[in-house]
Amino acid sequence: MDAPLPKGFNHAEVDQKWYAFWESIGAFRADPDSLRPRFSMVLPPPNVTGSLHMGHALNHTLPDIVARWKRMSGYDVLWLPGTDHAGIATQNVVEKQLAAEGKTRHDLGREAFVARVWEWVGQSHGTITGQMRKLGESVDWSRERFTFDDNLSRAVRRVFVSLYREGLIYRDRYIVNWCPRCRTALSDLEVVHTDTAGKLWYVVYPGVEGQEAVTVATTRPETMLGDTGVAVNPSDERYRSAVGRAVRLPIIGRVLPIVADDFVDPSFGTGAVKVTPAHDPNDFLMGQRHGLPQVIVIDEDGRMTAEAGPYAGRDRFEARAAVVEQLEREGLLAKTTDHQHAVGRCQRCNAVVEPLVSTQWFVRVAPLAAEAIRVVEEGRVRFLPENWVKTYNEWMTNIHDWCISRQLWWGHRIPAWYCRACGTMIVAEEAPAACACGGILHQDPDVLDTWFSSQLWPFSTMGWPDQTRDLERYYPTDLMLTAFDIIFFWVARMIMAGVKFAGDVPFRTVYITGLVRDEGGQKMSKSRGNVVDPLEVMDEIGADALRFTLTAMAAPGMDIPLSEGRMAGYRQFINKIWNASRFVLMHVGDLPARPAVPAFETLAQIHRWILHRLNQVTREVNEAFESFRFDVAADRLFHFVWHEYADWYIEMVKGHLQASGAERDTARAVLVEVHDSVLRLLHPIIPFVTEELWQQLPRRPQDGPTLTLASFPAYRATWVDELAVAEMALLQGFVTTIRTARAERGVKPSAKVGVTTEGAGADERRALERLAGYVRSLAGLSSLTFAESVAARPDRVTRLYGEIRVHIDMPHGDRAGELAKLHKKLAEQQAELARVETQLGNEAFVAKAPAAVVEAARGRRDRLAAEMAKARATIEELEG
Ligand SMILES: [Zn+2]
Ligand SMILES: [Zn+2]
């Protein structure tokens with residue numbers, strides 16, 4: 001019979017067809033009325049205007065495996081998808097589009113700008129969700145949410161008002177991180193600190209009325225225009241008499257008191273520092289301690305204010321250079337030194353962040369953090385790998401209040417209204433009609449940090465604050481799988497919010513994944529040009545091959561060096577499965593339904609062996625998924641399918657399939673059983689190709705319309721036969737020994753050789769005799785005999801397998817030609833070895849080359865030496 005399958009797997013056609021089918025039959029839909037046990041997860045919502053990157057590919061594939069495995073194992077699975085409005089990120093994209101048209105958001109005005117962002121969101125929403133479908137994510141699209149949905153926005157207002165009433169949200173004038181490019185406040189987490197080569201300028205502040213001058217050191221001289229004091233450490237002997245005196249601020253002329261404060265580090269610069277309360281967070285606090293005024297010299301655009309005297313209106317960095325120049329001219333610059341220091345930049349636009357004093361909204365985090373630490377301590381939330389608990393606890397115990405207001409237009413507007421007539425502020429879930437005094441109310445123009453809504457995601461998506469059926473059944477969720485870089489932004493805040501508002505932890509287990517890196521282990525980045533685009537990879541090799549690669553490499557706590565070689569290897573694996581299916585369908589395709597496997601004890605040995613191994617792998621895969629060892633599951637399946645099922649069983653079962661009657665029926669039943677199980681076991685990792693293949697197999701009535709909803713294999717206590725496994729291992733080792741010797745001697749695959757064994761134990765002999773038929777066909781033997789002692793013959797090659805001496809009578813071939821080939825190859829290897837040894841003998845190479853390169857050279861040398869020893873032995877045999 002002809003194979004009904006095409007020669008190769010055309011992923012582009014197959015993948016889309018099955019995804020559309022799964023969606024059309026509601027295969028991923030959760031059912032709260034189901035009697036099955038529940039399993040739930042929420043997908044970390046990607047940015048609505050984003051595009052799938054390799055980090056997503058990993059962090060969406062792994063939970064998809066869990067969702068598919070649980071669904072097949074009899075659970076009612078909710079995997080809830082959605083997207084995030086991503087305040088600052090999305091606003092920046094649209095502002096860039098406007099800039100290209102020569103406009104700013106101010107040219108449009110707030111309302112028109114927000115409308116424009118909605119338009120962009122509408123256009124690009126389909127991009128990311130389409131990419132998620134392409135990857136095969138089995139999410140419940142009927143429950144898709146957006147952080148800006150009405151109900152999610154209502155949840156945001158409910159949480160804000162409730163925290164405000166408890167005194168856990170407050171409004172205050174405080175120093176915050178300010179991005180002059182985005183023109184908004186940022187939380188500490190949104191500032192990226194990088195070590196930068198800068199300067200330390202030593203500036204002389206002359207004493208007032210003939211008193212002694214004081215020299216201070218600063219990395220940001222432009223801010224000195226806003227100084228309102230000078231500080232020293234109270235224990236610093238050098239300045240004991242200076243405290244209480246005053247100096248005069250250069251350029252501006254303001255008189256500055258010298259104060260003593262423990263915060264000052266005596267070893268920095270001269271031990272005396274300038275105090276600029278309006279432009280440095282530490283100085284802000286010091287200013288409060290000593291009652292020093294705040295003088296604002298830099299504005300929200302990063303320009304110098306009128307308070308900056310001669311520099312008013314100039315850019316902050318221009319002003320820096322000009323201030324230094326003036327100090328130098330006036331002889332007030334004592335010295336300049338090079339200085340490494342951390343410079344904070346905006347996470348979104350890379351502009352240098354400016355600490356500014358402004359009025360903002362804050363969450364008092366400490367009381368919420370205390371609860372969140374407790375639930376982790378009690379084991380109600382489990383971190384994997386466990387070492388992340390330490391990082392989590394450290395951060396949570398040193399947590400600062402969270403600045404939640406942003407001076408943006410795209411986001412949840414702060415639910416606070418002000419009356420200009422009487423000065424009242426009203427915080428409420430819904431807009432109040434008017435002030436009690438009759439005055440008009442104006443809503444706070446600021447919006448909330450994007451993470452304020454993201455932190456509610458596990459329960460706002462299920463309908464909170466309403467008490468919904470979904471919340472009751474699916475909250476808390478079981479698993480949150482995410483990258484380490486958002487533990488603080490998101491995971492910690494979800495735990496705080498969940499415990500506070502939803503009455504329980506948001507998830508039972510947090511699995512933290514590593515980073516996907518390039519082949520050499522470097523972080524992928526646009527500037528390095530080493531970014532691998534998952535969409536291109538999927539176009540080229542298919543979603544399944546990408547998914548299998550990421551899964552096989554996802555060892556806990558390890559980063560993933562993504563290599564072309566591995567991806568190509570796993571694509572080959574998928575071809576191997578495809579080809580095995582062609583073989584199977586050729587032999588069982590005409591069966592109307594899947595036949596039952598006869599009782600295990602009655603089966604021939606190879607059937608008992610393959611079912612035993614399948615059963616073991618089934619157990620290992622279930623255990624691996626249970627413990628999130630995705631890499632182990634992939635490895636076991638790869639090895640079993642390729643090296644046991646395809647390479648051995650399929651070869652050995654051919655004879656049985658060509659027989660007739662019960663022997664053939666049994667072989668067909670076992671073959672289809674194993675093949676069906678393999679497809680089920682692989683389905684969570686590679687859903688598309690397995691569905692395509694499974695649909696062609698004869699099925700049982702209870703199997704249903706899709707592999708996605710078919711049952712996952714479970715361990716069977718009866719399918720155990722250790723003896724069959726031991727004997728098959730013997731057969732494989734014995735056959736491989738003969739095959740290797742044949743290959744070394746260049747014997748054609750079609751040529752038959754005679755084999756005589758010597759020294760086989762009684763058990764081994766019995767097993768080999770029983771399996772002799774397979775051995776002869778697998779090793780290409782004309783005869784297999786057992787002897788007590790064997791005479792040497794010139795054409796007889798002897799190999800050792802365990803205790804067994806395997807004598808192989810090689811056919812009389814072209815001995816001279818074979819020898820010539822071997823000598824030529826040996827000479828090439830000799831030359832190559834000499835090159836590698838010269839390289840390794842070069843001290844400069846060994847000292848300077850990357851360790852991996854040196855290691856590779858050493859490996860090559862050892863491999864060459866081993867290969868050459870083998871070739872010499874063969875030559876010796878042939879020369880006899
Ligand atoms: Zn910025
Ligand atoms: Zn009023």
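The values are calculated or read from the model by the stated rules, or taken from the named source; none is laboratory data. Keep in mind that this is a model prediction, so the values were computed, not measured. Glycine gets a Cβ as well: all are built from the backbone with ideal geometry, and neighbour counts include every protein chain shown. Just the protein is used for accessible areas: all its heavy atoms, side chains included, with ligands, DNA and RNA removed. Shrake-Rupley method; radii C 1.70, N 1.55, O 1.52, S 1.80 Å.
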For the range 58-212, what number results from the quotient of the Cα radius of gyration and 2.2 N^0.38 Å?
1.60
Would you mind classifying the range 211-311 by shape? Square roots of the alpha carbon gyration tensor eigenvalues, ordered a ≥ b ≥ c; an a/c under 1.5 is rounded, otherwise it is prolate if a/b is larger than b/c and oblate if not.
prolate
If the range 562-647 were replaced by its equivalent ellipsoid, with semi-axes equal to the square roots of 5 times the Cα gyration tensor eigenvalues, what would those be, largest first, whole Å?
26, 19, 11
Could you point to the residue in Ser660, Thr83, Gln360 farthest towards the positive end of the chain's charge dipole, with +1 and -1 charges on the Cβ of Lys/Arg and Asp/Glu respectively?
Ser660
Taking the Cβ of Leu864 as the center, what net charge do the other residues with Cβ under 14 Å away carry, scoring Lys and Arg +1 and Asp and Glu -1?
+3
Shape category assigned to the range 433-535 from the gyration tensor of Cα positions, a/c cut at 1.5:
oblate
Residue-normalised value, i.e. accessible area per residue, for the range 290-342 at 1.4 Å probe, in Å², stands at 56 Å²
Taking the Cα centre as origin and putting +1 on Lys and Arg beta-carbons and -1 on Asp and Glu beta-carbons, what dipole magnitude results for the chain, to the nearest 20 debye?
880 debye
Accessible surface of the chain, 1.4 Å probe, proportion on carbon and sulfur as whole %:
51 percent
Give, as a single signed number, the net charge of other residues whose beta carbon lies under 9 Å from the beta carbon of Arg29, with Lys and Arg counted +1 and Asp and Glu -1.
-1
Length added when fully stretched, Glu371-Met425, from 0.36 nm per residue minus Cα-Cα:
16.4 nm
Amide proton proximity set for Leu481, modelled H, under 5 Å, gap of 5+
Tyr511
If you fit an axis through the alpha-carbon atoms of helix 661-682 and take the longest principal axis of the Cα set of the chain, what angle between them do you get, 0 to 90°, nearest 10?
10 degrees
Is the shape of the range 24-98 rounded, prolate or oblate, going by the alpha carbon gyration tensor and its root eigenvalues a ≥ b ≥ c, with a/c under 1.5 for rounded and a/b larger than b/c for prolate?
prolate
Calculate the radius of gyration of the Cα atoms of the range 722-880 to one decimal place, then report Dmax, the largest Cα-Cα distance, as a whole number, both in Å.
20.0, 60
Per residue, how much accessible surface does the range 133-184 expose to a 1.4 Å probe? Answer in Å², no decimals.
39 Å²
Beta carbons within 10 angstrom, averaged per residue: use that to sort the peptides 609-620, 337-348, highest first.
609-620, 337-348
Apply the Karplus curve 6.51 cos²θ - 1.76 cosθ + 1.60, θ = phi - 60°, to the phi angles in the range 115-124 and return the couplings in whole Hz, x for Gly and Pro.
4, 5, 5, 4, 4, 5, 4, x, 5, 8
Cα-based helix-to-principal-axis angle, 281-290 vs the chain, degrees rounded to 10
40 degrees
For the chain, longest principal axis from Cα atoms; helix 630-639 axis from its Cα atoms; angle between them, nearest 10 degrees, is 20 degrees
Once the other residues with Cβ under 12 Å from the Cβ of His279 are scored (Lys, Arg +1; Asp, Glu -1), what is the net sum?
-4
Among the DSSP beta bridges whose two residues both lie in the chain, what percent are antiparallel, rounded to the nearest 5?
70 percent
Treating only the Cβ atoms of Lys and Arg (+1) and Asp and Glu (-1) as charged, compute the dipole magnitude of the range 403-469 about its Cα centre; round to the nearest 20 debye.
60 debye
Checking rank on 569-582, 535-548, with mean other Cβ inside 10 Å and highest first, the result is 535-548, 569-582
Volume per residue (Å³) of the convex hull spanned by the alpha carbons of the chain is 242 Å³
